[in-house]
1. Pull up the stretch 149-178, narrow it to residues that are under 13 Å from residue 47 (Cα atoms) and among the β-branched types (Val, Ile, Thr), then point me to the one that is modelled with the lowest pLDDT.
2. How do the pairs read when you match residues in the stretch 103-130 that are more than 20 Å from residue 31 (Cα to Cα) with residues anywhere that are among the small types (Gly, Ala, Ser), using Cβ under 9 Å and keeping only pairs 6 or more apart or on different chains?
3. List every residue pair whose Cβ atoms lie under 8 Å apart, where the two residues are 6 or more positions apart in sequence or sit on different chains, the first residue falls within the stretch 55-77 and is farther than 12 Å from residue 132 by Cβ and of a type outside the set (Phe, Trp, Tyr), and the second residue, located anywhere, is modelled with pLDDT under 90 and not in a loop (DSSP other than H, G, I, E, B).
4. Just need a number here: residues in the stretch 44-54 that are within 14 Å of the chain's Cα centre (by Cα) and without any contact (Cβ under 8 Å) to a residue 60 or more places away in the chain.
5. Sort out for me the strands (runs of 3 or more DSSP E) sitting completely within the stretch 37-141 that have 1 or more residues that are of a type in the set (D, E, K, R).
6. Restricting to the stretch 92-136, count the residues that are aliphatic (A, V, I, L, M), under 14 Å from residue 78 (Cβ atoms) and more than 13 Å from the chain's Cα centre (by Cα).
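The values are calculated or read from the model by the stated rules, or taken from the named source; none is laboratory data. Just so you know, these numbers come straight off a predicted model, no measurement behind them. Backbone-built Cβ (ideal geometry, glycine too); neighbour counts: all protein chains shown.
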Amino acid sequence: MSNKQENGITRPLWAPWRIDYIRGEKEDSCFLCRIFEESRDWENLLLYRGKTCAVVMNRYPYNSGHLMVTPYRHVAEPSDLTEEETLEIAALTARSLDVLRKAMKPQGFNIGINLGESAGAGLKDHLHQHIVPRWVGDTNFMPVLGGPRVMPEALDATYDLLFSKFTQKNPQQNLSAD
């Protein structure tokens, strides 16, 4: 069911950014490694570059503001991370939570790493930690009936909002990522 009827009128629900993924060619190589080598951060939804790790928006998010914190190095397991990378992932996760709280006012978060294909990892060889903002009632009828998620804001608008917060200095935080 992709339409909702209101007063006898069918109203479409749109998620136009999904069509690029559906119709587009899939990358054979690691998209994270590619975007770290490029300087097109806005197009690649790369919000913040730290010393060893970065914060990237999920292009096909579970919820608005779905972020990934990931090392630049192509490693698959937490045990493969250096101490510096481990600390920066923790610092950037804390910073991401602060930014999301200020910008989007979520009521909670899901944070986690999917290790291996059977755990749901779409990109199983480049470790990345998901941060998914959550709101009471954000799971609506759409996933139950047909599987799609309805996002309330376009990705570029969410990027611009979050980027503006990532570029602001927070005097209460002393992050190695700065």
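1. This residue is 167.
2. Listed pairs, sorted by first residue: 103/65; 103/164; 104/64; 104/65; 106/65.
3. Pairs found: 55/166; 59/21; 59/155.
4. Number of matching residues: 3.
5. In the stretch 37-141, 46-49, 129-134 are the strands (runs of 3 or more DSSP E) which contain 1 or more residues that are of a type in the set (D, E, K, R).
6. 4
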